[in-house]
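The values are calculated or read from the model by the stated rules, or taken from the named source; none is laboratory data. What you are looking at is a predicted structure, and each value in this text was computed from that prediction instead of being measured. A quick note on method: Cβ atoms are made from the backbone with ideal geometry, for glycine too, and the neighbour counts reach across all protein chains shown. Just so you know, the surface numbers come from the protein's heavy atoms only, side chains and all, with ligands and any DNA or RNA stripped out. Shrake-Rupley method; radii C 1.70, N 1.55, O 1.52, S 1.80 Å.
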Amino acid sequence: MLLADLNTGEKAVVVRVNGHGSFRKRLIEMGFIKGKEVRVVLNAPLKDPIEYEIIGYKVSLRREEARQIEVVTEEEAREALQTDEHLQALPGDMEEEERLQRALAHVAEERHHNIRVALVGNPNCGKTSLFNIAAGAHEHVGNYSGVTVDAKEGHFRYKDYDITLVDLPGTYSLSAYSPEELYVRKNLLEAMPDVVVNVVDASNIERNLYLTTQLIDMNLRVVMALNMYDELRHKGDKLDVKQLGYLLGMPVCPTVSRNGEGIPELFDTILQVYENATPRLARHLHINHGAELEKSIVRLRNLIFSNEEIRSRYSTRYLAIKTLEADKDVAGIIGTLPNASQIAAACQEEEARIEGLLGTSAESAIVDAKYAFIQGALAETYEKYQAERPRRTFTDKIDAIVTNQWAAFPIFVLLLWFIFWATFTVGQYPMDWIEAAVAWLGGKVGSLMAEGWVKDLVVDGVIAGVGSVLVFLPNILILYFFISIMEDSGYMARAAFIVDKLMHRIGLHGKSFIPMVMGFGCNVPAIMATRSIESRKSRLVTIAIIPFMSCAGRLPIFVLFAGAFFPQNPATALLGIYLLGIVLAILSALLIGRFVKDDDLPFVMELPPYRIPTAKAIGRHTWEKGRQYLEKMATTILIFSVSLWALGYFPRHEGATRAYQQEHSYIGIIGKAIEPVNEPLGFNWKMDVGLLAGVGAKELVISAMGVTYAQDGEEYGKQGDSDETALQSALKATVPTAAALAFMVFVLLYFPCIATFMAIKNETGKWLWAILLCLYTILVAWVFAFAAYRIGLLLWPA
Ligand code: GDP
Ligand code: MG
């Protein structure tokens, strides 16, 4: 009996919940668990939803949802009391009520032990052989496809369970192209097997896994029978079965259905999955179809999800993927929804967008993404026996070079070096133009406005603030231009793969590497880029260590200090600073990793085939990142640069020099107040003011110090060589070398700028994380700057 068929006031006991994974999970959380009593509070005909009471709570379920719940009614239990010998053996003096309860529980338990298992797989993977051996049947087995034309059912008892085993026709996929495919799909969605056994031919694993990816999309309970395991062994191939299972989110059982090897283990696993005894192994995962397709999928999924009546029957993500694939059968389902035309319009838009960006139809892009997923999963788990000459596709040939054990790292490093060179050298030109333009604009606006604080606010606060955001735009665009090329061509996936092992040593993942590299450009987009990391722990730790990657905003400070204090070898000083950041990032990853709870869910690193990226996609991705940077940062940086301006501007000391003004402004007062704290590092209050300004954005450090040192600069400026700026001369004359070194170290490590702070807060969703990280970085900065100062004093006594 189904829960939906009960009348008002009737009681029943839950047997099982059918349907796809997330629906089942939701109902189980509501209390619909085997053996629990449920009462119908109100089920009026034509009324939806229906109201129920379960474990003392009232819940309302849609009729469609209640149809997915199998129950035992009191009437059925009474019937069983008459016929079931087990129940007739109950003591005769038992109360009627108690007797009924026992009967309900007994029948529920019995029915719960009646399960339906469907065999799904490619033709010739050994389904019928498995069926025969398990069900003791004698179906015809043949070494050609098309032997099984429709479903055969077999019944047998295994460990207290009555199993109905269904042998479905063989299919390569679950698209709606052939009658077999449609038949299998209908069977999976409508006859609702409790567990699906995906029979996979281990000797032809790559092609067989394609069907598996579609089963994953459907969010069913799947166990994989890795059949023909004898052939795999015979060939000498190696497969990490357990890891493959983790990556696919389903238990994998090696079987040989010719002789029955592994079959009992397979059924044990089926029962465990049915009873939810292996939640870690049998989990639902979303195959990553790549950023663009995922955007389309999420958009369609949300439109479909708004229809409550469909959510219980199908995984909405599955429907969205199939809609994008222009699946006729799913189109029929979608067509009945109230917002069908809206979904169709959105789908057309998305298909056109994908076609324009990727140069292929959404349908084939989805197929490619699935193969990329399979390639990634196999690259981590599968090793073909060497003697076999591999097929040499275009992708294989390139891979033979770029993932070669000797060439991979040099190529990777060379590429990174080139990208950085281009970003900073080429980027310098537009940077200079923007700076000049902002200065010109400031001067122009300034000359048009009357003297006073309003003018100062506009020129020094707003225009300068906007300028400090804008100057980094070229760097970011160039960096992302190259990153997009690497991503879209398929190289990035290999890069992540190459560094994966290395990254695992510090508890991170191959996918953490790219965001870390981006951190050298700007921490903000780097932190946004961590979104591609599936594992929560890896993602949090990666976010936490990105601030140690010395961003471009810090570079001018190092250049200025290195030029002034280490004129013999400024490059070495720079390199040393960058390396220190990397070392501390690694140490911090190890440290912070200990405090983050590990979800430890392995995931597949997709390996897409190499492809020439389209200009449109590159342009789009590059601009998108630039826009994200401007949108997210413009507001925060602006607010902070105006606030910092105000701290330096007030209280007013009219007629005083700028340096005097700054010294006696709020920021000067704060700088002086913290001077004792930083005294052990050799800093004076002017340097502290610079550090305070750096909280807004690191590039403000120099300009703030430029102001405080303005007077000193005039005094010392003439003594330095001509290439030196006034600030450099002033610093050289007043700051010991050891303190300068400590200052560089401090700037490298302390408080990520406010924009990064906001990015951390946004991406982790928690203020606490952002605040803790700030405190941590300041502490680290202080300790290491102190050490640098002490060591520096030994080398260059003051
Ligand atoms: P189906 O098309 O998926 O139903 O596959 P069949 O059960 O008809 O099997 C196809 C062929 O593979 C038959 O010749 C079987 O004897 C053979 N076969 C099935 N399972 C195994 C196995 O585990 N190992 C080996 N070596 N052959 C198998
Ligand atoms: Mg068959």
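Observations
- Candidate residues PHE156, PHE548, PHE786: accessible-area rank, largest first, probe 1.4 Å: PHE786, PHE156, PHE548
- Translational D in µm²/s for region 184-243 (Stokes-Einstein at 4 °C, 1.567 mPa s, Kirkwood Rh from C-alpha pairs): 103 µm²/s
- Gyration tensor (alpha-carbon) shape descriptor, region 14-132, a/c threshold 1.5: oblate
- For trypsin sites (Lys or Arg not before Pro), the sites in region 49-117 that DSSP calls loop and that have at most 16 other Cβ atoms within 10 Å are ARG62.
- Over 24 Å (Cα to Cα) - which of LYS127/LYS322; LYS238/LYS370; LYS370/LYS397 fall in this group: LYS127/LYS322
- Positive minus negative residues near GLY442 (Lys, Arg vs Asp, Glu; Cβ under 11 Å): -1
- Put the Cα centre of region 322-371 next to the Cα centre of region 45-90 and the gap is 40 Å.
- Placing R0 at 35 angstrom, the Cβ-Cβ distance between LEU441 and VAL413 gives a FRET efficiency of 0.30 after rounding to 0.05.
- Shape analysis of region 481-640 based on the Cα gyration tensor places the equivalent ellipsoid semi-axes at 27, 22, 17 Å, largest first.
- Only alpha carbons enter this Debye calculation for the chain, each as an equal point scatterer, and the log10 of I(q)/I(0) it gives at q = 0.05, 0.08, 0.10, 0.11 Å⁻¹ is -0.38, -0.82, -1.08, -1.21.
- Candidate lysines for bridging to LYS36, where Cα separation is under 19 Å - those fewer than 8 sequence places away on the same chain excluded: LYS11, LYS25, LYS58
- Pairwise FRET efficiency - SER341 versus GLU97, Cβ, R0 = 56 Å, nearest 0.05: 0.55
- Cleavage-rule hits (chymotrypsin sites (Phe, Trp or Tyr not before Pro)) in region 57-145: DSSP loop, at most 11 neighbouring Cβ within 10 angstrom: TYR144
- Helix-only [θ]222 nm of the chain, DSSP H runs n ≥ 4, -39500 (n - 2.57) each, per residue, nearest 500: -18000 deg cm²/dmol
- With the highest mean first, a sort of the peptides 183-193, 163-173, 740-750, 564-574 on other beta-carbon atoms found within 10 angstrom per residue produces 740-750, 163-173, 183-193, 564-574.
- Note on LEU630 and LEU795: the extension gain reaches 55.0 nm, defined as 0.36 nm multiplied by sequence separation minus the Cα-Cα distance.
- Note that region 213-312 presents 40 Å² accessible area per residue, ligands and nucleic acids not counted, probe 1.4 Å.
- Rg/Rh for region 31-83, where both radii come from Cα atoms and Rh is the Kirkwood radius: 1.01
- Between ALA615 and GLU679, the contour length at 0.36 nm per residue exceeds the alpha carbon distance by 17.6 nm.
- Pairs of Cα atoms farther than 23 Å apart, region 299-421, %: 54 percent
- Treating r as the C-beta distance of ILE582 and GLN243 and R0 as 25 Å, the FRET efficiency rounds to 0.25.
- Accessible-area composition of the chain, carbon plus sulfur, in percent [1.4 Å probe]: 60 percent
- Inverse of mean 1/r across different Cα pairs in region 377-515, Kirkwood, Å: 18.9 Å
- Per residue accessible area of region 427-574, 1.4 Å probe, in Å²: 38 Å²
- Ordered by solvent-accessible area of protein heavy atoms (1.4 Å probe), largest first, the residues TYR491, TYR385 come out as TYR385, TYR491.
- Stretching the chain fully between ILE778 and ALA733 yields a gain of 13.4 nm (0.36 nm per residue, less the alpha carbon separation).
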